[in-house]
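Asks: Structure provided below as structure tokens; questions to follow.
The values are calculated or read from the model by the stated rules, or taken from the named source; none is laboratory data. Predicted model, so just to flag it, every value in this text is computed and none were measured. Here the Cβ positions follow ideal geometry from the backbone for every residue, glycine too, while neighbour counts run over all protein chains shown.
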Amino acid sequence: MVNFNGNIQENSSISIENNRGFLFGDSIFETIKVLDNKVLFLEDHYFRLMASMRICRMEIPMNFTMEFFESQILNLIATFSDSNSYRVRFSVYRDSEGFYLPKSRNVQFIVSASPLNSELYFFGKEHYEVELYKDFYVSKQLLSTLKTNNKMLQITGSIFADENGYDNCLVLNDEKNVVEALQSNIFMKTGNLVITPPVSDGCLNGIMRKQVLEILKKVEGIEVKETSISPFDLQKADELFLTNVISGIQPITKYRKKEYTTEFASDVLKRLNAKIRLS
């Protein structure tokens, strides 16, 4: 465990006694990709983490600057030698006694990393089938847009997808609109119009979602809107694709009896990789 002075604590085992992330889900995290010793989309990750901490009423230490955030990630990556690309999880949790009311707002953080097999983004699967997950719904509220430890819907949905032979599931909010996939934001292309659900519908405020929106707004002849998506809209679409910071872009090729093309997603993927290389 690392404290906010950047010191590794002597006890290498993490105590759960005051770890409210473990006890109550009182924790937020960022999933980050590091490529060639560079933290991709560093500012976006840092400012989203800061905003999430404020929303969750966590105490933000004075030394938790963007430079400190970056250094903790790169210091960990420096201990590896087997890859140029890594998946990093930066978790912040409240470290305090108390039940639902913590006795202090102080926080600690844990950084973990694992190597990735690829550097640039590519389509993970050629055939990618999804279904709606309707056992539980996302609440249309601000907390739903944060990356917190409360992921039971995503866990049960992933088990449902695995048991039924789907690659992923699309998640509905309490107004029965499609808001995202289990671990990704969703984009839908119909003709020259590309739609993604607004954050106000309860979808994750995704870092890759932001990058793709910026790319799409520069594509000539394409209109981009953030508006609600009905399940009925899915079967009228030409393309559906998912986005997250680790996989980049993953096209959906089948939903029920509808099959989709992937040409537009392929073009967006090339633009995304070019943006990373030039940044």
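Asks: Restricted to the stretch 116-148, and to residues that are buried (at least 18 other Cβ atoms within 10 Å of the Cβ) and assigned to a loop (DSSP other than H, G, I, E, B), which residue is farthest from the chain's Cα centre (by Cα)?
Replies: Among residues in the stretch 116-148 that are buried (at least 18 other Cβ atoms within 10 Å of the Cβ) and assigned to a loop (DSSP other than H, G, I, E, B), the one farthest from the chain's Cα centre (by Cα) is Tyr128.
Asks: Something else now. Out of the stretch 1-34, which residues are surrounded by 17 or more Cβ atoms within 10 Å (Cβ to Cβ), modelled with pLDDT under 95 and outside any loop (DSSP other than H, G, I, E, B)?
Replies: Asn19, Arg20, Gly21
Asks: Select from the stretch 78-110 the residues that are closer than 19 Å to Val245 by Cβ, surrounded by fewer than 20 Cβ atoms within 10 Å (Cβ to Cβ) and among the aliphatic types (A, V, I, L, M) and list them in ascending order.
Replies: Correct list: Ile110 only.
Asks: Of the conditions (1) touching a Leu at 6+ places or on another chain (Cβ under 7 Å); (2) more than 29 Å from Asp26 (Cβ to Cβ), Leu172 clears all except one; give me its number.
Replies: That leaves (2) as the condition not met.
Asks: Report whether or not Ile32 is over 17 Å from the mean Cα position of the chain (by Cα) and hydrophobic (A, V, I, L, M, F, W, C).
Replies: no
Asks: Still on this structure: Could you check the stretch 178-207 and list, in sequence order, the residues that are in contact (Cβ under 8 Å) with a residue 40 or more places away in the chain and part of a loop (DSSP other than H, G, I, E, B)?
Replies: Leu182, Gln183, Ser184, Gly191, Gly202, Cys203, Leu204, Asn205
Asks: Against the definition (aliphatic (A, V, I, L, M), in a loop (DSSP other than H, G, I, E, B) and within 26 Å of Lys270 (Cα to Cα)), how does Leu101 come out, yes or no?
Replies: Considered against the rule, which asks whether it is aliphatic (A, V, I, L, M), in a loop (DSSP other than H, G, I, E, B) and within 26 Å of Lys270 (Cα to Cα), Leu101 comes out as no.
Asks: Restricting attention to the stretch 66-99, which residues are under 14 Å from Asp26 (Cβ atoms) and touching a Phe, Trp or Tyr at 6+ places or on another chain (Cβ under 7 Å)? Can you show your working first?
Replies: Narrowing the stretch 66-99 to residues under 14 Å from Asp26 (Cβ atoms): 91-99.
Hits for the stretch 66-99 are Ser91, Val92.
Asks: Cβ contacts < 6 Å: first residue in the same structural domain as Ser91 (by TED's automatic domain parsing), restricted to the stretch 56-74; second residue assigned to a loop (DSSP other than H, G, I, E, B) and loosely packed, with under 14 Cβ neighbours inside 10 Å, any location; separation 6+ or different chain. Result?
Replies: none
Asks: Restricting to the stretch 82-98, give me the number of residues that are on the phi < 0 side of the Ramachandran plot and in a loop (DSSP other than H, G, I, E, B).
Replies: Final tally of qualifying residues: 5.
Asks: Still on this structure: Working carefully through the options Asn192, Asn150, Asn185, Asn164, find the one that is modelled with pLDDT under 95 and not hydroxyl-bearing (Ser, Thr, Tyr). Give the steps one after another, and end with the answer.
Replies: Details: Asn192 fails: modelled with pLDDT under 95; Asn185 fails: modelled with pLDDT under 95; Asn164 fails: modelled with pLDDT under 95.
That would be Asn150, the only listed residue that is modelled with pLDDT under 95 and not hydroxyl-bearing (Ser, Thr, Tyr).
Asks: Please go through the stretch 227-279 and pick out each residue that is among the hydroxyl-bearing types (Ser, Thr, Tyr) and farther than 30 Å from Tyr46 by Cα.
Replies: Ser230, Thr253, Tyr255, Tyr260, Thr261, Thr262
Asks: Looking at the stretch 208-264, which of the residues that are part of a loop (DSSP other than H, G, I, E, B) and of a type in the set (Asp, Glu) is surrounded by the fewest Cβ atoms within 10 Å (Cβ to Cβ)?
Replies: Step by step, filter the stretch 208-264, then rank; the result is Glu220.
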